[in-house]
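A.B. asks: Pasting a structure here, questions to come.
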Amino acid sequence: MRSLTNLNVASFEEAASAAQQARQLGQSVAFSGGGTDLLQQIKDGTDNADVVINLRSVPDGRAIETNGNGVSIGGLVTLTELSEDPLVNASMSAIAQAAVSVGTPQIRNVGTLAGNVTQRPWCWYYRNGFNCFKAGGEECFSLDGENGQHAIFGGGPSFIVHPSDVAPALVAFDAIFQVTGPNGDREVSAEDFFVLPITDPVRENSLRENELLTGVVIPNLSANTVSTYYKVMDREAWTHAEIGVATVIQRDGNVAQSAKVVLTGVAPIPWRVQAVEDFLAGKQISAAVAREAGEIGIRDAQPLTKNAHKLPMTSAAIETAVLSLAAG
Amino acid sequence: MSEFTREGLAPLSTIGNDTPRIDAIERVTGQAKYTRDWKLPGMLFGKVLRSPYPHARLVSIDTSEAEALPGVRSVITYENAQVVWGAGSVNGGRQYNDPTKEATIHRRYIFNNPVRFVGDSIAAVAATDRNIAEEALALIKVEYEELPFVLDPEEALEDGAPLVYEEGNLCPDFRGEFAPMISDIGDVEAGFAEADQIFEERYETGFIHNAQMEPRCSLAHWQGDKLALYTPSQGISNCRHDTARDLGLEDHQVQVITKYMGGGFGNKNQNQDADLVAATLSRRVGAPVMLEYSRREDWLGVHGRWPTVQNYKIGVKDDGEVTAIQMHGYSGMGPYRKNSGGISGMDAYGCPNRYREISPVYTNRTTSGNFRAPSEPHGFYGIENMMDEVAYQIGLDPVEFTLKNMRRPTEEQQFTNYTLDEVITTGAERFNWQARRKVIPGSDDGPIKRGAGFSFMMFRAGVGTSSAIVRVNANEQYTLYVGVTDIGPGAKTTMGMIAAEALGTSLSNVEVVWGDTDRCPYSVGESGSRTTIMTGLAVVEAAEDLKRQITDNGMPTGGDVLIASATPSPTTDGKTRQCFGSHFVEVEVDTRIGSTRILKYTASHESGRIINPSTARDQIRGATIQGIGQAIHEDLLYDPKSGQPLTPGYYRARHLTHKDIPDIDVHFIETDDGYGPFGAKTAGESGIILAPAAVANAVANAIGHRMTSLPITRDKILGAMA
C-alpha cells in the first residue's frame, strides 16, 4: 500500500477546511468514516488519496434524535446502531432493514450511514481499475462489455448502479441531507442530493469538493406511515443488492393514501418510480394491485445487452415489497 | 445430522471415535505459527510485478528508479533471473515425473517474456518493508508490445486465432505431440446403431478458484548452500524435490517447513512460483525474504479449475440400457499446462462403447491447474445432467436408470469391494427421494418451484508408496515421524490415531512430528486423497515392526530407544479400489427472481473404514459446500475486449457464506476391504465430485428446463423461464 497522510480531525468543519488546505497543495483527499471500503480502494489503487481525513475522531454526528422537524440521524452513526435503534425500527423500518442488509456484521459495526450513502460504485470495471467515467476517464466499458449487473434506468453515459441500501430508504422518506463544507453548512433535498451521470458522469452526488455529508433529517411522519426494504442478493450476506426496493406508504385501513417507491441496484442513483407511486395512490393494497405495480415499474426500463433479466426481477421485487405492506 | 453404519466391522480402540485435532488448541488460541507469522532476523519483504495485459511482449524493462529507492535491496526480472518453474507447466499436465518435466516444450518461468495472461509475473523486489517493496514495483518501467489474445478454448482452435505459442493453441501431450486426449473403448458407432434413441447436448462449466483462506506466501532463508523454505505446502517432500530440481540443488540442500497452513484445495501442491521467487531473491541479497501474495495475486497469478465445454452424444435403448457414450470436450488451460484438463465421469458407466476426446487448449486467461478432484466435478456435472435428462426423456427414475447403467465389477476388472448399490439406495431412503422428486419436472404450480436431483460417483482409492518412522523410549512414549502437513482434513491427527491403534496405545502417548523435511521421512503429499491410505499404511507397517522389536528385545531402558521405519509398496492384487458416493438435493427456485435455495441435502458415502468420524464428515460437508458454490455462484468473468478479469476474489465470485449453507446430512457406510490402513479409503475429494451435478439436476427437476452451463445464475433461470 502506498504511503499517505492520516489526519484525525475534531469536527466536520475542521475536516472540510483540512480538505481544502490539502487540495490547495495539490493533494488528493478522501474522507473516511468507517473506512471499510476506502482502505481497500486505496490498496487496489482505485482511490489515490494522499490525505485521508479520518472522521472517527469527530465526536459529533453520532446521535439519532427527535426534534421539532423530525428525526435527525448523524452521519457517523454506524449501520449496526442504525439497524438496532428502537426509534428507527418503530417508525422507519425500511431504514433499519436496509442497514442490517449491508455487508457483514464486521462491516456494519464500523461502516457509517454517510459512508454507505456516499460509497463509490461497485461496478467491476471501475473497481478493477479501468479508466472509466467514474475514474475520470471518458468511456463506460460496460456498454459493449459485461453489463449483466448494470443500469436499466437512468444510464448514460455511465451505466453504473448505485450500491447503497440505505440511500433508497432515505429518499423514500424524503430525507434532508446535511452537508458541511469550508464555507459552512447547507441542506440538500433527497431529490437533489444524488445526480445522474448525464449531469455529472464522475460523481454520484452533488457534494462539492471539500464537502462532506454529516447527517440526514427525516421529516415528521404521519402516524399511518408503514415502510419496508426488500433486497434481492446473490447470496445471503456480504453482497450488494441485485435489486433493492424501499417502499413507504401512508396507509388508511388497507388503502395506500400515498406511496414512495425507490429502487437501488438498477440505476446510477436511488431510482424513484413515480409511475408506481402515482398508480398506488388511493388503491387497496392487494395481490393484483401489487402485481400491476411491478409491471408498471419497468415500463421505462432500458436494458443493455446482458441485463434483461433485471426487468422481471424488478417487477417481482416491487410486487413483493408493495404486497408486504398490505394491512393485517 | 450424520451417521456411520458399521455392520460387520470389529470395533477398534482409537479409530472410529470422534477425536479432536491434536493441534486444535494451538489453532484456536492463535499459537499456531503459519508462514506469515515467522519473523527471522534481517528478514526482507518481497513483492512481484505482474502483467496488466493478457498477452504482450516485454520490449524493455528499467529497474533503476526502483533500485534507487531507499530500502530496496534487490530487483530481479525476466532478464536477470531465468528460473524454470518446472511444476508450473508440464507436457500433458502430468505431475511428479522428472523425465516428463525435462521434456516439456512450453515451460513456465518465475518471470516470463512474453507474458501470456493478466497476472503473469515479470519481476520481483526485495525491500526492508512491504510498503517500500510495493512502491518499488510502481517505479519499474516496462515497455510492452501488446499482442492479440484469446480467451475462449474453442475460439483458440479456430483458424487465424491469436497464438499463445507459435506451434498452435492445442496443448502438447506428455509425449510432446499436439493431439487431443482420446479414450476409445468398445465401438461407439456400433453402440449408436444399437440404440433406439440418441440424445445430444452441450454443457459448459466455468473457471473456479480454489479460494483457500491463506494466499500463497513463502519465506526463504539461505545458510551457505542450504535453503530453508517456510511455505504453506500440500506436500513438503514434493515441494523439496521440485524446488531442488528447479534451482539446481540436491534434495538434501532444501529444507521445507510447513508447520501450519491455511488450506490449499490442490492449489499448493508441489512447489509454487512464490517459493522460487523468494529463494532467488534471498540468495541475491543474502538475507531471509518473505514473499506474500495479495488475494488478487493469489486468485489471478497462479491457477484454479479449468473451464470446459462438453458435447455429449448418448445412445440408449427404450428399456433404458445405455449403448454408447461419446463426448468431445475442450478445456481452457490458460497459457501453461499445469494439469491435465481432464473431464471425467463417463467411466462411471458400464456401457461398453465409450469414446472421449478432450482438447486441452492454451488461452490467455489465468492458468488452470489442480483443484480438489481436478477432473471430476465439472465432468460429473456434464455426464450426470446428460444422463438425468435421458432418464426423464425415456420416462425412468434417474436412480433406477443409474442402478441399471452404472459401472460394476467384471471378470476382467474386479473391485476390492463394491458398495455402490447400497450407497445409492441408502441415500435415496434417507432423503426420501421418491417423495421429493417431481416425476414431471417443473410441475409445481406457481412461481416458487421445488425439485430434487441426484448424482453418484466412484473415485480412486488406490494404495501406494509412502514412509513413516516410529520410535519408543523407556517411558513407553511413542514418537511418530510423518512428512505430512494439514491442509484441513486433519492428517496429523489421523496419522496419530492410526499409530495409536496399530501400537495398541492411546493417542495421548503418541507425539506426532510433521511438516519438516529435515525431521520427517518422505510422504506422498496432501493431494489425490492419498495421505490417509498411503502414509497411513506406512504408519501401520512401521508400528508393526516396532511391536516386533519390542517383543524380541523388550522395551528400551535408560536413554535407549527403539526405532522402526517403513516404506511399503502395497498393491491391490490387480483389483481396482474405489470409494463411492451418492448425493441427493432438494432445491427451491423462485422463478420470479431466478434464485436457487438448497432445502435439503443428503450425502451418502462409502470411504472404507472411517478413521476420525468428525473430520471425515466435515470433509464431505466442506467439499459439498464448494460444489454448491460451483453449481450456482462461482465463475471468473473476463472483459471480452480487453482480456481483463472482472470477478476475482470472494466478493465477486460470490462464495457461499455461512448463511447460504444448508444442513448437509452425511452418511457413511463403513467397510474394510483389507487393503487400506484398517480398511480406510479416500474422503477428501469425493464430496465435491457430486455436488454440482446433483444441484443442477435438482434445478432442472424444479423448473423443467435443463441448465446446460455453470454457474446457474439468475439470468439463466429467468432466461429459461421467459
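A.B. asks: Touching a strand residue (DSSP E or B) at 6+ places or on another chain (Cβ under 6 Å) and at pLDDT below 95: is that true of residue B:662 in this structure?
C.D. replies: Working: touching a strand residue (DSSP E or B) at 6+ places or on another chain (Cβ under 6 Å): yes; at pLDDT below 95: yes.
The answer is yes for residue B:662.
A.B. asks: I've got another one for you. Collect the residues in region B:244-266 that are assigned to a loop (DSSP other than H, G, I, E, B), of a type outside the set (Lys, Arg) and under 26 Å from residue B:529 (Cβ atoms), keeping them in residue-number order. So that I can check it myself, show each step before the final result.
C.D. replies: Initially, region B:244-266 is screened for residues assigned to a loop (DSSP other than H, G, I, E, B), giving B:248-250, B:258-259, B:261-266.
The next check asks that each one be of a type outside the set (Lys, Arg); those that pass are B:248-250, B:258, B:261-266.
Within region B:244-266, B:258, B:261, B:262, B:263, B:264, B:265, B:266 meet the criteria.
A.B. asks: Which pairs turn up if I take residues in region B:174-194 that are under 18 Å from residue B:310 (Cα atoms) and look for partners that are among the small types (Gly, Ala, Ser) with beta carbon separation below 8 Å, at least 6 apart in sequence or on another chain?
C.D. replies: So the pair list comes out as B:180/B:359; B:181/B:340; B:181/B:341; B:181/B:342; B:181/B:359; B:188/B:324.
A.B. asks: Return yes or no: is residue B:695 out of contact with any helix residue (DSSP H, G or I) (no Cβ under 6 Å at 6 or more places or on another chain), over 25 Å from residue B:301 (Cβ atoms) and more than 8 Å from chain A (Cβ to nearest Cβ)? It would help to see each step written out before you state the result.
C.D. replies: On the way: out of contact with any helix residue (DSSP H, G or I) (no Cβ under 6 Å at 6 or more places or on another chain): no; over 25 Å from residue B:301 (Cβ atoms): yes; more than 8 Å from chain A (Cβ to nearest Cβ): yes.
Against the criterion (out of contact with any helix residue (DSSP H, G or I) (no Cβ under 6 Å at 6 or more places or on another chain), over 25 Å from residue B:301 (Cβ atoms) and more than 8 Å from chain A (Cβ to nearest Cβ)), residue B:695 does not qualify.
A.B. asks: Condition first: among the basic types (Lys, Arg) and either in contact with a helix residue (DSSP H, G or I) (Cβ under 6 Å, 6 or more places away or on another chain) or in the same structural domain as residue B:480 (by TED's automatic domain parsing) (or both). Now tell me which residues in region B:37-49 satisfy that.
C.D. replies: Step one: filter region B:37-49 for residues among the basic types (Lys, Arg), giving B:39, B:47.
Within region B:37-49, just B:47 meets the criteria.
A.B. asks: Out of B:376, B:384, B:400, B:389, report the one residue that is farther than 23 Å from residue B:7 by Cβ, outside the structural domain of residue B:698 (by TED's automatic domain parsing) and either β-branched (Val, Ile, Thr) or in contact with a strand residue (DSSP E or B) (Cβ under 6 Å, 6 or more places away or on another chain) (or both). Outline the logic, then answer.
C.D. replies: On the way: B:376 fails: either β-branched (Val, Ile, Thr) or in contact with a strand residue (DSSP E or B) (Cβ under 6 Å, 6 or more places away or on another chain) (or both); B:400 fails: either β-branched (Val, Ile, Thr) or in contact with a strand residue (DSSP E or B) (Cβ under 6 Å, 6 or more places away or on another chain) (or both); B:389 fails: either β-branched (Val, Ile, Thr) or in contact with a strand residue (DSSP E or B) (Cβ under 6 Å, 6 or more places away or on another chain) (or both).
Going through B:376, B:384, B:400, B:389 in turn, just one is farther than 23 Å from residue B:7 by Cβ, outside the structural domain of residue B:698 (by TED's automatic domain parsing) and either β-branched (Val, Ile, Thr) or in contact with a strand residue (DSSP E or B) (Cβ under 6 Å, 6 or more places away or on another chain) (or both): B:384.
A.B. asks: Can I ask one more? Kindly indicate whether any position in region B:198-219 is buried (at least 18 other Cβ atoms within 10 Å of the Cβ) and among the basic types (Lys, Arg).
C.D. replies: Within region B:198-219 (the criterion being buried (at least 18 other Cβ atoms within 10 Å of the Cβ) and among the basic types (Lys, Arg)), the answer is yes, since at least one residue qualifies.
A.B. asks: Name the one entry in A:135, A:114, A:151 that is more than 19 Å from the chain's Cα centre (by Cα) and either within 29 Å of residue A:298 (Cα to Cα) or not charged (D, E, K, R) (or both).
C.D. replies: Working: A:114 fails: more than 19 Å from the chain's Cα centre (by Cα); A:151 fails: more than 19 Å from the chain's Cα centre (by Cα).
Matching residue, one of A:135, A:114, A:151: A:135.
A.B. asks: Return only the number of the condition from (1) assigned to a loop (DSSP other than H, G, I, E, B); (2) on the phi < 0 side of the Ramachandran plot; (3) in contact with a helix residue (DSSP H, G or I) (Cβ under 9 Å, 6 or more places away or on another chain) that residue B:442 does not satisfy.
C.D. replies: Every condition holds for residue B:442 apart from (2).
A.B. asks: Residues of region A:250-279 being assigned to a helix (DSSP H, G or I) and not acidic (Asp, Glu), which ones? Before you say what the answer is, go through the steps one by one.
C.D. replies: If we filter region A:250-279 for residues that are assigned to a helix (DSSP H, G or I), which is where we start, we get A:274-279.
If the condition is that a residue be assigned to a helix (DSSP H, G or I) and not acidic (Asp, Glu), then A:274, A:275, A:276, A:279 are the ones that fit.
A.B. asks: Something else: Kindly establish whether residue A:176 is in contact with a helix residue (DSSP H, G or I) (Cβ under 9 Å, 6 or more places away or on another chain) and surrounded by fewer than 22 Cβ atoms within 10 Å (Cβ to Cβ).
C.D. replies: On the way: in contact with a helix residue (DSSP H, G or I) (Cβ under 9 Å, 6 or more places away or on another chain): yes; surrounded by fewer than 22 Cβ atoms within 10 Å (Cβ to Cβ): yes.
Yes, satisfied.
A.B. asks: Given (1) hydroxyl-bearing (Ser, Thr, Tyr); (2) under 19 Å from the mean Cα position of the chain (by Cα); (3) more than 28 Å from residue A:158 (Cβ to Cβ), identify the lone condition not met by residue A:264.
C.D. replies: Here residue A:264 meets the rest and fails (3).
A.B. asks: So, residue B:14, is that one of a type in the set (Val, Ile, Thr) and either closer than 19 Å to residue B:532 by Cα or within 27 Å of the chain's Cα centre (by Cα) (or both) or not? Spell out the reasoning first.
C.D. replies: Working: of a type in the set (Val, Ile, Thr): yes; either closer than 19 Å to residue B:532 by Cα or within 27 Å of the chain's Cα centre (by Cα) (or both): yes.
Yes, satisfied.
A.B. asks: On the basis of being surrounded by fewer than 19 Cβ atoms within 10 Å (Cβ to Cβ), within 14 Å of chain B (Cβ to nearest Cβ), over 20 Å from residue A:172 (Cα atoms) and out of contact with any Cys (no Cβ under 8 Å at 6 or more places or on another chain), does residue A:2 make the cut? Don't jump to the end; show me each part of the working.
C.D. replies: Values: surrounded by fewer than 19 Cβ atoms within 10 Å (Cβ to Cβ): yes; within 14 Å of chain B (Cβ to nearest Cβ): yes; over 20 Å from residue A:172 (Cα atoms): yes; out of contact with any Cys (no Cβ under 8 Å at 6 or more places or on another chain): yes.
Yes: the conditions hold for residue A:2.
A.B. asks: Answer yes or no: is there a residue in region B:196-204 that is assigned by TED's automatic domain parsing to the domain that holds residue B:39 and of a type in the set (Lys, Arg).
C.D. replies: Step one: filter region B:196-204 for residues assigned by TED's automatic domain parsing to the domain that holds residue B:39, giving none.
No, the conditions are met nowhere in region B:196-204.
A.B. asks: Just a yes or no: is a residue in region A:292-312 assigned to a helix (DSSP H, G or I), among the hydroxyl-bearing types (Ser, Thr, Tyr) and within 14 Å of chain B (Cβ to nearest Cβ)?
C.D. replies: The first filter runs over region A:292-312 and keeps only residues assigned to a helix (DSSP H, G or I), leaving A:292-297, A:310-312.
In the following step, the residues that additionally are among the hydroxyl-bearing types (Ser, Thr, Tyr) were identified as none.
There is no residue in region A:292-312 that is assigned to a helix (DSSP H, G or I), among the hydroxyl-bearing types (Ser, Thr, Tyr) and within 14 Å of chain B (Cβ to nearest Cβ).
A.B. asks: Outside any strand (DSSP E or B) and in the same structural domain as residue A:78 (by TED's automatic domain parsing): which single residue out of A:180, A:199 fits that description?
C.D. replies: The conditions single out A:199.
A.B. asks: Can you go through B:649, B:629, B:674 and tell me which one is more than 11 Å from every other protein chain (Cβ to nearest Cβ), touching a residue at least 24 places away in the same chain (Cβ under 8 Å) and not aliphatic (A, V, I, L, M)? Step through it out loud before you land on a result.
C.D. replies: Details: B:649 fails: more than 11 Å from every other protein chain (Cβ to nearest Cβ); B:629 fails: more than 11 Å from every other protein chain (Cβ to nearest Cβ).
Going through B:649, B:629, B:674 in turn, just one is more than 11 Å from every other protein chain (Cβ to nearest Cβ), touching a residue at least 24 places away in the same chain (Cβ under 8 Å) and not aliphatic (A, V, I, L, M): B:674.
A.B. asks: Here are some residues: A:32, A:11. Which one is polar (S, T, N, Q), on the phi < 0 side of the Ramachandran plot and surrounded by fewer than 18 Cβ atoms within 10 Å (Cβ to Cβ)? Don't jump to the end; show me each part of the working.
C.D. replies: Numbers: A:32 fails: surrounded by fewer than 18 Cβ atoms within 10 Å (Cβ to Cβ).
None of the others qualify; the one that does is A:11.
A.B. asks: Are there any pairs with C-beta distances below 6 angstrom linking a residue in region B:120-149 that is at negative phi to a residue that is among the acidic types (Asp, Glu) and in a helix (DSSP H, G or I), with the two at least 6 apart or on different chains, and if so which?
C.D. replies: From residues that are at negative phi, the pairs are B:139/B:65.
A.B. asks: Continuing with this model, one more query. Just the residues that are part of a loop (DSSP other than H, G, I, E, B) and either β-branched (Val, Ile, Thr) or not assigned by TED's automatic domain parsing to the domain that holds residue B:234 (or both), please, taken from region B:51-93.
C.D. replies: Of all residues in region B:51-93, those part of a loop (DSSP other than H, G, I, E, B) come to B:51-55, B:63, B:69-71, B:78-83, B:85, B:89-90.
Passing the criteria: B:63, B:83, B:90.
A.B. asks: Taking residue A:159 as meeting all but one of (1) surrounded by fewer than 22 Cβ atoms within 10 Å (Cβ to Cβ); (2) farther than 24 Å from residue A:83 by Cβ; (3) not polar (S, T, N, Q), write down the number of the exception.
C.D. replies: For residue A:159, the exception is condition (1).
A.B. asks: Within region A:210-238, restricting attention to residues that are within 14 Å of chain B (Cβ to nearest Cβ) and either part of a strand (DSSP E or B) or touching a residue at least 40 places away in the same chain (Cβ under 8 Å) (or both), which residue is farthest from the chain's Cα centre (by Cα)?
C.D. replies: This residue is A:237.
A.B. asks: Out of everything in region A:135-158 that is touching a Cys at 6+ places or on another chain (Cβ under 7 Å) and more than 14 Å from chain B (Cβ to nearest Cβ), what residue ends up being farthest from residue A:101 (Cα to Cα)?
C.D. replies: That would be A:157.
A.B. asks: Within region A:121-165, track down each residue that is more than 20 Å from residue A:244 (Cβ to Cβ), in contact with a Phe, Trp or Tyr (Cβ under 8 Å, 6 or more places away or on another chain) and part of a loop (DSSP other than H, G, I, E, B).
C.D. replies: A:130, A:132, A:137, A:139, A:140, A:141, A:143, A:145, A:146, A:157
A.B. asks: Okay, next question. On the basis of being away from chain B (no Cβ under 14 Å), within 26 Å of residue A:48 (Cα to Cα) and free of Cβ contacts under 8 Å to residues at least 60 places away in the same chain, does residue A:182 make the cut? I'd like the intermediate steps shown before the answer.
C.D. replies: On the way: away from chain B (no Cβ under 14 Å): yes; within 26 Å of residue A:48 (Cα to Cα): yes; free of Cβ contacts under 8 Å to residues at least 60 places away in the same chain: no.
So residue A:182 does not fit the description; no.
The values are calculated or read from the model by the stated rules, or taken from the named source; none is laboratory data. Only a predicted model underlies this, so the values are computations on that prediction, with no experimental measurement involved. Heads up, the Cβs are rebuilt from the backbone with ideal geometry, glycines too, and the neighbour counts pull from every protein chain shown.
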